[in-house]
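What follows is a single structure, written as structure tokens, with notes after it.
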Amino acid sequence: MSLPNLPPGVPPLPPNVVVFGPGSNCTVDICPLQFSVYGYRPSLAANISLIALYAVAAVIHIYLGFRWKQWWFMACMLLGAANAIIGYIGRVMMHYNPFNFAAFMLQIICVTTGPVYYCAAIYITIALTINHLSPTLSRFKPKLFYYIFIPCDLFSLALQAAGGGLSTSTSGKSQTGVDLALVGLSFQVFTIVLFCAFFGDYLYRYFRSGVWKSNIAQSRMLKGSGHDGKGRLSPMTRLKLFFGFMVVAILLILARCSYRLAELHEGYRGEMIRDEGLFIGLEGVIILASVYCLMIGHPGLVFKSDVLGKSRASESDELHSQHELQPQTTK
């Protein structure tokens with residue numbers, strides 16, 4: 001790895017040491033901290049807190065998954081949480097030795113890949129939701145949401161992995177590795193932005209069409225009222241919470257990817273990669289917040305049999321045909 005721009009007064013490296021790479025033999029006892037890849041010792045308190053909060057999130061998602069029988073969503077969330085926990089364990093290891101290359105690779109791989117699982121959960125959930133509510137209102141076939149966007153995420157992840165592998169094999173000296181990872185991150189940001197555009201367009205068309213009113217009315221006819229006297233949320237409230245927190249979650253993931261793109265653009269010698277506060281806020285906290293948002297924006301809010309009913313797709317198609325001209329004729 002190319003040495004960072006160091007402030008004056010930093011002592012030189014001792015002879016015969018390797019700072020970065022599989023053969024790294026530096027420790028905090030013999031090498032100045034400023035020569036490590038991050039230039040700091042990762043915060044023990046912050047990383048242990050993130051590990052604990054991800055563990056709590058995993059337990060809650062297990063409960064919600066069994067309660068509402070959303071197995072695919074639960075699996076994606078658990079894989080993402082497990083990745084995050086392993087990644088932050090790697091950062092805890094780096095607290096004790098910032099030059100630990102195995103710990104660096106553990107955290108860079110696991111922390112980086114976590115959002116891919118959350119995106120997969122969102123893509124599939126939105127596809128199923130559109131098919132459940134009113135597929136004819138979508139400009140994009142529901143199945144294409146996961147047939148296209150999940151492979152795109154995997155492709156971007158493969159590019160990032162290839163770039164990281166090239167950087168590793170050259171001990172961080174290869175600009176090609178950084179550029180390849182940049183292409184992967186850029187493509188990931190583009191994929192999420194494209195998904196947001198289609199998702200936003202569907203939400204606009206769905207709520208503008210009036211189909212949602214018919215869905216809610218049908219649900220109330222089945223249940224008798226919006227509440228059952230036991231403090232349960234009304235179908236309309238559940239629908240708004242589901243869509244609202246799903247939107248917040250995907251926007252948080254997009255913000256995180258944009259941050260990582262800017263960070264990597266500066267390379268391993270940049271200022272952003274050596275700013276732990278930015279990392280904790282724009283990687284750790286933001287992605288953790290999206291995981292908790294997906295507890296509220298959980299598919300169980302829509303797919304429970306007592307919320308909007310079952311087999312809504314065919315019914316929604318009929319309703320849409322009745323309301324197709326409504327946006328143009330009402331103001």
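Computed values, structure above
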{"read-out": "Table column - 3J(HN,Hα) (Hz), the stretch 128-141, Karplus curve with 6.51, -1.76, 1.60, x for Gly and Pro", "value": "5, 5, 4, 5, 6, 8, 6, x, 5, 7, 8, 6, 10, 4"}
{"read-out": "Accessible surface of residue 191 - all protein chains present, 1.4 Å probe, nearest 10 Å²", "value": "0 Å²"}
{"read-out": "Gained length - residue 179 relative to residue 278, 0.36 nm times residue gap less alpha-carbon distance", "value": "33.4 nm"}
{"read-out": "Local net charge near residue 263, Cβ-Cβ under 11 Å (Lys/Arg +1, Asp/Glu -1)", "value": "-1"}
{"read-out": "Net length gained if the chain between residue 251 and residue 33 were fully extended (0.36 nm per residue, minus Cα distance)", "value": "75.0 nm"}
{"read-out": "FRET efficiency estimate (nearest 0.05) - Cβ-Cβ, residue 59 to residue 269, R0 45 angstrom", "value": "0.65"}
{"read-out": "Spherically averaged projected area in nm², based on the convex hull that wraps the Cα atoms of the stretch 235-285", "value": "3.5 nm²"}
{"read-out": "Accessible surface, 1.4 Å probe, highest first, among residues 276, 266, 271", "value": "271, 266, 276"}
{"read-out": "41, 269, ranked by accessible area, largest first (probe 1.4 Å)", "value": "269, 41"}
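The values are calculated or read from the model by the stated rules, or taken from the named source; none is laboratory data. Because the structure is predicted, anything quoted here is derived from the model rather than measured. Reconstructed Cβ throughout: ideal geometry from the backbone, glycine too, with neighbour counts over all protein chains shown. Ligands, DNA and RNA are excluded from the accessible area calculation, which covers all protein heavy atoms including side chains. Shrake-Rupley method; radii C 1.70, N 1.55, O 1.52, S 1.80 Å.
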